[in-house]
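What follows is one structure encoded as structure tokens, with my remarks underneath.
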Amino acid sequence: MGDSSVKVTHLLHTMAYGGIETVIINWLKAMPRSEVDVQLIVFKMPDDSERPFVVEAAKEGLRVEYIHWSRWKPVGRAAKELRELLRSHGTEVLHAHNTYAELVAWWAARGTPVKLMSTFYVWDRGFGFKRLILQKLSAALTAKYDKLSAQCKKTAEDGVEWGVPFESVEILPSGFEVPPPSLLDLDSRRRLRAERGAGDSTLVVCNIARLYPEKGHARLLEHWPDIVRKVPSAVLWIYGVGPLQKELEALHEELGLGESVRFLGFASNLMDELSLCDVQIHPSFNEGVPLAICSGMAAGLPIVSTAVGGIPEVIENGKSGYLVDVDDMESLKDRAVSLLQDCSLRKRMGSEAKRFIAEEYSLEAAVAILAQSYRSLVGR
């Protein structure tokens, strides 16, 4: 690493492995070390919920260090641990993700020359009282930061309602590194589908998202029987982990969905899993630019999604997928049924989705923007 490389520390508070975590891993593994010298720190959670992220980061050659956390929110102790790690790394820019990370980062950096930066991923008033308070705290904290950023223009616009001026937010696209295509041959695909009860005539709809309220899993389960009535061969596979696991499994039982819906947890080889599916559905209430959708597009899946957050920035309605209003579940179901009933439509939309990701949403361009953002903070 050259003397001109910017020493950057990313601090992440995570409770489930999802899109934000994937964005960070993608950014850091693609960042030229001659330009940015990266340190990655996560909160050590009492329930080890950070472990899936740490495992995936290690697969990409990223070393993870820890500061300790607990249900009592020991901000002072965590900030002291963080300050020591920043000193040992010679950190110039501290990039925080999530409210608790923003709080500890601000506390640790007080009285130091370290520049503070934060990335916003979503703003919403419908997440419940606790997250409402956390978002208010995030807006207040980051007013003291040196630079603010967001995944997409829509998130930056939403921040205005929370007191974050739109002009103060830099757009840092996630970008997407197109992974190698699945190497599963036809026989392997047929076998793996059969192991989950999906025959040759079965149409597999997948949903990929951490199990959080804003992802809309509950309403997807409630409306799923309507899709099955019109397409009896359809099954729904839900990939993801999170705090709603038991609640959603209980709802599955209450609705009597049986084998038409399966919870498959965290997918360690997502492209192989996507190659087993036919359509992707995404009924979120709010988003940034979900990498779950980018992954599905890269795999050539047609997607039906709510038109929230930055999703309209990657899906062109009627061309690479279908977009519906956030509260219009009837249209979401109708669009899903139309895709399930028309193989040629699925192939046409899937091909256009795959082309867009490969040609217009590259990780390389996103990382170049991020590196320049760090350089501007330290005057290089």
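Over region 34-151, calculate the relative contact order: mean separation of alpha carbon pairs under 8 Å at least 6 apart, over the residue count, as a percent. All intermediate terms of the calculation are to be shown ahead of the outcome.
Details: 133 pairs, mean separation 23.5, N = 118.
The value is 20 percent.
By the scheme Lys and Arg +1, Asp and Glu -1, what is the net charge of all other residues having a beta-carbon under 13 Å from that of Val178?
Details: positive: Lys354, Arg355; negative: Glu177, Glu359, Glu360, Glu364.
That sum, taken over residues with Cβ under 13 Å, equals -2.
Only Cα pairs under 8 Å and at least 6 apart count here; give the relative contact order of the chain as a rounded whole percent. Intermediate results must be reported in sequence, preceding the final value.
Numbers: 690 pairs, mean separation 61.2, N = 380.
Here the relative contact order equals 16 percent.
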Per-residue accessible area, 1.4 Å probe, largest first, puts Thr142, Thr112 in the order Thr112, Thr142
From the phi of every residue in region 93-109, what ³J(HN,Hα) in whole Hz does the Karplus formula 6.51 cos²θ - 1.76 cosθ + 1.60 yield, where θ is phi - 60° and glycine or proline is x? 10, 10, 9, 9, 10, 4, 4, 5, 5, 4, 5, 5, 4, 4, 5, 5, 8
What the Cα atoms of the chain span along the principal axes, largest first and in whole Å, is 63, 41, 37
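Using +1 on the beta carbon of Lys and Arg, -1 on that of Asp and Glu, and nothing else charged, what's the dipole of region 160-255 about the Cα centre, debye to 20? Don't skip to the end; give the middle numbers.
Working: 11 positive and 15 negative charges, 102 e Å.
Using Cβ point charges on Lys, Arg, Asp and Glu, region 160-255 gives about 500 debye.
About the Cα centre of the chain, how large is the charge dipole given +1 on each Lys and Arg Cβ and -1 on each Asp and Glu Cβ? Please answer in debye to the nearest 20. If you can, show how the numbers build up before the last one.
On the way: 45 positive and 50 negative charges, 181 e Å.
Using Cβ point charges on Lys, Arg, Asp and Glu, the chain gives about 860 debye.
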In the chain, taking the dipole from +1 charges on Lys and Arg beta carbons and -1 charges on Asp and Glu beta carbons about the Cα centre, the listed residue (Ala16, Val378, Ser344) farthest towards the positive end is Val378
Greater than 25 Å apart at Cα, pairs in Lys154/Lys354; Lys29/Lys147; Lys130/Lys246; Lys154/Lys230; Lys29/Lys115: Lys154/Lys230
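Quick check: at a probe of 1.4 Å, how many percent of the accessible area of the chain sits on carbon and sulfur atoms? Each step should come with its number before you reach the end.
Details: 8540 of 16460 Å².
Exposed carbon and sulfur together represent 52 percent of the surface.
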In whole Hz, the Karplus estimates of ³J(HN,Hα) for region 85-90 (6.51, -1.76, 1.60; θ = phi - 60°; x where Gly or Pro) are 5, 5, 5, 5, 8, x
Computed accessible area, Arg335, all protein chains, 1.4 angstrom probe, square angstrom: 90
For the chain, list the cysteines whose Cβ sits under 4.7 Å from no other cysteine Cβ? Cys152, Cys294, Cys343
About its Cα centre, what dipole magnitude does region 222-380 give when the only charges are +1 on Lys and Arg Cβ and -1 on Asp and Glu Cβ, stated in debye to the nearest 20? 580
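Answer rounded, prolate or oblate for region 1-108, using the Cα gyration tensor with square roots of eigenvalues a ≥ b ≥ c: rounded when a/c is under 1.5, else prolate when a/b is larger than b/c, else oblate.
Working: a/c = 2.09, a/b = 1.23, b/c = 1.70.
Here region 1-108 falls in the oblate category.
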Note down the nm distance, to one decimal, between modelled labels 7 Å out along Cα→Cβ at Arg375 and at Glu157. 3.1
Of Gln280, Ala366, Leu203, which is farthest along the charge dipole of the chain in the positive direction, counting Lys and Arg as +1 and Asp and Glu as -1 at C-beta? Ala366
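Ranked highest first by average number of other Cβ atoms within 10 Å, how do 185-191, 309-315 line up? List each step's numbers first, then the result.
Working: 185-191: 11.3, 309-315: 22.0.
Descending packing order for the listed peptides: 309-315, 185-191.
Keeping all protein chains in place, calculate the accessible area per residue for region 83-234 (probe 1.4 angstrom), answer in Å².
Details: 6980 Å² over 152 residues.
It amounts to 46 Å² per residue over region 83-234.
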Would you mind giving the average projected area, over all directions, of the Cα convex hull of region 100-212 in nm² with one decimal? 11.1
Using θ = phi - 60° and the Karplus relation 6.51 cos²θ - 1.76 cosθ + 1.60, list the HN-Hα couplings for region 75-82 in order, rounded to whole Hz, with x at every Gly or Pro. 4, x, 5, 4, 5, 5, 4, 5
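With a ≥ b ≥ c taken as the square roots of the eigenvalues of the C-alpha gyration tensor of region 199-301, please select rounded if a/c is under 1.5 and otherwise prolate if a/b is larger than b/c or oblate if it is not?
On the way: a/c = 1.56, a/b = 1.06, b/c = 1.47.
Note, shape of region 199-301 comes out oblate.
The values are calculated or read from the model by the stated rules, or taken from the named source; none is laboratory data. Since this is a predicted model, take the numbers as computed values, not measurements. Cβ: placed from backbone, ideal geometry, glycine included. Neighbour counts: every protein chain shown. Ligands, DNA and RNA are stripped out before the accessible areas are found, and what is left, the full protein with its side chains, is counted by its heavy atoms. Shrake-Rupley method; radii C 1.70, N 1.55, O 1.52, S 1.80 Å.
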